[in-house]
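Every number here is computed from the coordinates shown, using simple stated rules; none is lab data. Bear in mind the structure is a predicted one, so any value in this text is a computation, not a measurement. Here the Cβ is made from the backbone with ideal geometry for all residues, glycine too, and neighbour counts use every protein chain on show.
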């Protein structure tokens, strides 16, 4: 029987994780090691100085072994593979992330970072992401893509990245395979000062300006056009 390790960066209580687990149990024995809370934009950071606390958790899917982790998404993979599980998994699923992991944002993604950690440990991995509001495309295409890739070939330094679009006005148009990582981003950031601090300091917050610009053949273009974007990512690029 396959052994599947599932991690994420939105925390063990997230809805995306639950929906991924419910689909994954059809394919083998499922283990969860996920952060105890939100760890978005954690990239591939790991805990080297200090400890990582792991607690077994009750989970609302029968037969699943679930654990929360005080560390990062990549920590969750490492402690899962090297500490919690008695045998190595056959595959690691990371997600389903709330918000797209595409374009240049991939380098910040804790979802992608966790998947890359799995690959660094010699385990094939898939990162799953979706829009913030509408999940009908995920519900329709996740079973098909899981069946297609559950036994995919391991390639060192390479993950599979899948983004499900938000189809708010019309049905998803299908799957675009071989999507390249876009050089664009959904939000172009700037920082604005919101307060003058004692001692001459200033307090800043990030301010993202939404944009819809991306070349054809890329992950962002596929998402904007209403397709599921599937592509290989090698060490983020």
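Tell me whether region 57-154 comes out rounded, prolate or oblate; compute the Cα gyration tensor, take square roots of the eigenvalues as a ≥ b ≥ c, and use a/c under 1.5 as the rounded threshold.
Values: a/c = 1.38, a/b = 1.27, b/c = 1.09.
Rounded, because the longest to shortest axis ratio a/c is under 1.5.
Computed from these coordinates, which is percent of Cα pairs over 34 Å apart: (i) 25; (ii) 15; (iii) 20?
After the calculation, the listed value that fits is (ii).
Could you please rank 85, 132, placing first whichever residue has the fewest other Cβ atoms within 10 Å of its Cβ?
132, 85
Take the alpha carbon atoms of region 34-76, find their center, do the same for region 174-201, and report the distance between the two centers in whole angstrom.
The two parts, judged by their Cα centres, are 26 Å apart.
What is the fewest-to-most order of 230, 33 by other Cβ atoms lying within 10 Å of their Cβ?
Ordered from fewest to most neighbouring Cβ atoms within 10 Å, 230, 33 come out as 230, 33.
Ranked highest first by average number of other Cβ atoms within 10 Å, how do 18-28, 152-162 line up?
In descending order of packing, they fall as 18-28, 152-162.
If R₀ is 35 angstrom, what is the calculated FRET efficiency for the pair residue 25 and residue 203, using the beta carbon separation as r and rounding to 0.05?
E between residue 25 and residue 203, to the nearest 0.05, is 0.15.
Show me 121-128, 110-117, 184-191 ranked by packing, highest mean number of other Cβ atoms within 10 Å first.
For the peptides 121-128, 110-117, 184-191, the packing ranking is 110-117, 121-128, 184-191.
Using the number of other C-beta atoms within 10 angstrom as an exposure proxy, rank 196, 62, 36 with the fewest first.
Fewest to most other Cβ atoms nearby, the residues stand as 62, 196, 36.
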